[in-house]
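Report on the structure given below.
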Amino acid sequence: MSLHIKHLIGLQNVPKEDIEIILKSTKKFKEHFQTSKEKLTDLSGKTIANIFFEDSTRTRTSFELAEKRLSADVLNFSSSSSSLSKGESFKDTVKNIEAMNIDMIVVRHSSAGIPFYLTKYSQSVIINAGDGAHEHPTQGLLDIYTIKEKLGRIKGLNICIVGDIAHSRVALSNLFGLKTLGANVSFCGPSTMIPRDIEKFGAKVYNNIDKAIRENDILNVLRIQLERDAGKNFPSIREYTNYFGITEQRIKNNNENILILHPGPINRGVELSPEVADGNNQVILDQVTNGVAVRMAVLSLLGKN
């Protein structure tokens, strides 16, 4: 199997066939590591640089584990201890790293568009690990895989993305990927946290969380990104939780079969009550497990192109 795309910058323009190939490959990798700890040799002889300009736990460790399980040589780059602190430009820093015979670059950056910018002057395969409030394609893919694994399909499902849409790169990747596979995607949150033009992508907008729970099969609940000043978009955390927090009682009242996803990290007691975060409706740790398999699939497929 081979992909049409040469880099993974986002899911907006990724063909349906490519997404389906990645999902099938993910299943293969997950099944392998459920039965064996033996490393695979898909990326033997390849060198991958993980260049993260923002803090990350799940994504960075997930990529590193995926790379090592595929037998790649791994270089982890920390911007805080690099020559960037001495005034070197981002472009020169990356070019110097690439001069060490790097084959693939996994990049996270606070500025939207950086991964696409890299494709213009880099010979390496570029994988976006999150760029600003733009996209986070591997998170979108692992969310999609988790839903399909639990419910058996994507087409025709009603999926609502809840919370801090305006600051979220996860929201857009989920929207594009899910729509490509035939799901019905909607958003729910304070009007101040939903972009004005979001409906142009064919997504319904709810302003009532109880109605969203009743009318959807899945909720993908986003973290309130206080580090991006998201708290300025509503009067208080307490008020946000009262109006949009997912509680056990809300689930019982509206849809006891609703599937709950969350990309993490969770603000317990804000987006999700502790009972929901640890309850039977959520698949949060399944998402973490599937993240390694999804990234193995993406790395393996792009590494062979």
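No lab work stands behind these numbers, since they all come straight from the coordinates. Keep in mind that what you see is a predicted model, and the values were worked out from it rather than measured. Reconstructed Cβ throughout: ideal geometry from the backbone, glycine too, with neighbour counts over all protein chains shown.
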Kyte-Doolittle mean at least -0.5 and Cα axial length at least 15 Å: DSSP H helices in the chain: 137-151, 169-180, 284-304
Cα centroid separation - segment 135-179 against segment 256-305, whole Å: 10 Å
Rg [Å, one decimal], Dmax [Å, integer] - segment 137-287, C-alpha atoms: 13.9, 40
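Suppose a student asked you for the relative contact order of segment 137-287, using Cα pairs under 8 Å spaced at least 6 residues apart; what percent would you report? Could you put the intermediate results ahead of the total?
On the way: 263 pairs, mean separation 36.3, N = 151.
It rounds to 24 percent for segment 137-287.
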Sites Ile237 and Arg196, calculated FRET efficiency, Cβ-Cβ separation with R0 25 Å, nearest 0.05: 0.55
Highest-fluctuation residue, Thr119, Thr35, Thr26 considered, GNM on the chain with Cα pairs under 10 Å: Thr35
Which of Ile144, Gln287, Thr61, positive extreme of dipole for the chain (C-beta unit charges): Ile144
Tally of Lys pairs whose C-alpha atoms are under 22 Å apart, taken over segment 137-287, 8 or more apart or cross-chain: 13
Whole-number percent relative contact order across segment 133-191, with pairs defined as alpha carbons under 8 Å at least 6 apart: 46 percent
Check: the chain dipole with +1 on Lys, Arg Cβ and -1 on Asp, Glu Cβ, in debye: 440 debye
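For segment 1-123, rounded, prolate or oblate, judged on the Cα gyration tensor with a ≥ b ≥ c (square roots of eigenvalues), a/c < 1.5 rounded, else prolate if a/b > b/c? Don't jump to the answer; show the numbers that get you there.
On the way: a/c = 1.97, a/b = 1.46, b/c = 1.35.
Because a/c hits 1.5 or more and a/b exceeds b/c, segment 1-123 counts as prolate.
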Sequence-separation-based contact order of the chain, relative, with Cα cut under 8 Å and 6+ spacing, percent: 21 percent
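Set the Förster distance to 45 Å, then compute FRET efficiency between Asn96 and His4 from the Cβ-Cβ distance, nearest 0.05. Before the final figure, lay out the partial values.
On the way: r = 31 Å, r/R0 = 0.69.
Calculated value: 0.90.
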Helical mean residue ellipticity (222 nm; -39500 (n - 2.57) per DSSP H run of 4+; nearest 500) of the chain: -12500 deg cm²/dmol
Stretch gain in nm, segment Ser78-Thr61, where the contour uses 0.36 nm per residue and the Cα spacing is subtracted: 4.8 nm
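Within 10 Å, at most 16 other Cβ atoms, and a DSSP state outside H, G, I, E, B define an exposed site. Report the longest part of the chain free of exposed GluC sites (Glu not before Pro).
Working: sites that count: Glu38, Glu54, Glu88, Glu256.
That gives 89-255 as the longest site-free run.
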